[in-house]
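In what follows, a single structure is set out as structure tokens and then discussed.
The values are calculated or read from the model by the stated rules, or taken from the named source; none is laboratory data. Bear in mind that the values here come from a model prediction, so they are computed numbers and not experimental data. Ideal geometry is used to build each Cβ from the backbone, glycine not excepted, and the neighbour counts take in all protein chains shown.
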Amino acid sequence: GTASAFANFFDQWAGSYDLITVPFNLDEAPTQHLAFDYAYATYVVEIDKLDIYYSTNYGISWLLLESMPGGISGPLNTAGATTDPFVPTPADWATKGIDLPSGTNMLKFRATSAYGNNLYLDNIRITQTGPGTNTVASLTVGSGQNECFSAPATLFVAGADGPVTVENGGSATFIAGASIYFQEGTRVMPGGYLHGYIDPEWPYCGGKAPALPGTTASTEHVAGFSGSNFLLYPNPTTGSFTVAVKGDLPAGDIRVDIYGIQGSHIVSDRMNGERHHAFSVAGLPDGIYFVKIVSGDRTETVKLVKNR
């Protein structure tokens, strides 16, 4: 891109800037790794500073993770000294990587001025590694392609490593034993299909037939979803949706679970002997959710869009 976070130490003789992430939850990942790009030059010898803090209680309290002093020889310095306002060239950038403590769910970057020169931050990202994890990134599924990707525990899609795009006529299936994270950069074009579901039994993809019909996702606004056994409408919704039983399927005990786009479980409800039932999502933020419908050995999952 052409923009970055900017700490104007050149014009600010004291004080600090705070850049705080939104809360995140990556408990399933055995290892969490922070990486970011930075560029800094001092004025003459002034020691500006970048401190990085982490929180395990969603910002109630903070602990110091890393301190990077500037000056002419500090670890923050990437471009020496200049008495002009510092604007980095591509050669002035460096990348810093830090392993995060277990349970980290927020980060804070505090830039403190000593009246030196400017600091730039960009491409702040968190990656996850460890047994049972897999990342799918920098991928385009074109027309006529039918691809499957899986992980025994956690599957990460797109994010800092590059976008994943399913084009018109393409189909992509994502299967994991515990969690699937559809991160920024996951795109499904009109006429493309994305399927994602959780199945604790390994192997996946070529090793066995999919357990679910899958999740149909499209950037087109459709009136509802019609699967093999259930209907869900309206979709998109402004506050509620209805699940209806199709055809001759018995209206028995049906469980309905709603998940966030990052795989977090939000709420469960049941339909007991009903052929249709309305569910409220009025209290949820606008965005993309996944609704999993289970009746005996029949399971369907559908992407639900909530907007105003």
Output for region 274-302, where each listed residue is under 11 Å from Arg255 (Cα atoms), free of Cβ contacts under 8 Å to residues at least 60 places away in the same chain and out of contact with any Ser or Thr (no Cβ under 8 Å at 6 or more places or on another chain): Val294, Gly296
Sort out which residues of region 104-117 are within 30 Å of the chain's Cα centre (by Cα) and farther than 25 Å from Gly162 by Cα, and write them in order of number. Arg110, Ala111, Thr112
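Residue-by-condition table, conditions (1) touching a Leu at 6+ places or on another chain (Cβ under 6 Å); (2) within 18 Å of Cys205 (Cβ to Cβ); (3) of a type in the set (A, V, I, L, M); (4) crowded, with 16+ Cβ neighbours inside 10 Å:
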residue	(1), (2), (3), (4)
Ala160	no, no, yes, yes
Pro163	no, no, no, yes
Asn168	no, no, no, no
Ser179	no, yes, no, yes
Residues being more than 13 Å from Lys246 (Cα to Cα), surrounded by fewer than 19 Cβ atoms within 10 Å (Cβ to Cβ) and within 29 Å of the chain's Cα centre (by Cα) - total across region 279-298: 10
Find the strands (runs of 3 or more DSSP E) located wholly in region 40-134 whose residues include 2 or more that are surrounded by fewer than 18 Cβ atoms within 10 Å (Cβ to Cβ) and among the small types (Gly, Ala, Ser), and list them. 94-100
Could you say which residue among Val305, Val243, Val267 is modelled with pLDDT of 80 or more, within 20 Å of Pro190 (Cβ to Cβ) and assigned to a strand (DSSP E or B)? Val305
Across region 161-179, what is the number of residues that are modelled with pLDDT under 85 and more than 25 Å from His265 (Cβ to Cβ)? 2
Give Ala91, Ala14 a once-over and let me know the one that is at pLDDT below 90, over 25 Å from the mean Cα position of the chain (by Cα) and farther than 30 Å from Gly263 by Cβ. Ala91
The one condition in (1) modelled with pLDDT of 65 or more; (2) of a type outside the set (Asp, Glu); (3) surrounded by fewer than 17 Cβ atoms within 10 Å (Cβ to Cβ) that Ser228 fails to fulfil: (1)
Taking region 45-72 as the search range and keeping residues that are touching a residue at least 60 places away in the same chain (Cβ under 8 Å) and of a type in the set (A, V, I, L, M, F, W, C), which one is nearest to Ala114 (Cα to Cα)? Ile47
Assess whether Leu26 counts as being modelled with pLDDT under 95 and within 22 Å of Leu107 (Cα to Cα). yes
Do you know which residues across region 115-132 are in contact with a strand residue (DSSP E or B) (Cβ under 7 Å, 6 or more places away or on another chain) and at pLDDT below 75? Thr127, Gln128, Thr129, Gly130, Gly132
Which of the residues belonging to region 252-273 are closer than 22 Å to Thr154 by Cα, of a type outside the set (A, V, I, L, M) and touching a residue at least 40 places away in the same chain (Cβ under 8 Å)? Gln262, Gly263, Ser264
Over region 1-12, the set of residues part of a loop (DSSP other than H, G, I, E, B) and either of a type in the set (Gly, Ala, Ser) or over 18 Å from Val87 (Cα atoms) (or both) is Gly1, Ala3, Ser4
Residue that is modelled with the lowest pLDDT, among those in region 147-158 that are of a type outside the set (A, V, I, L, M) and buried (at least 22 other Cβ atoms within 10 Å of the Cβ): Thr154
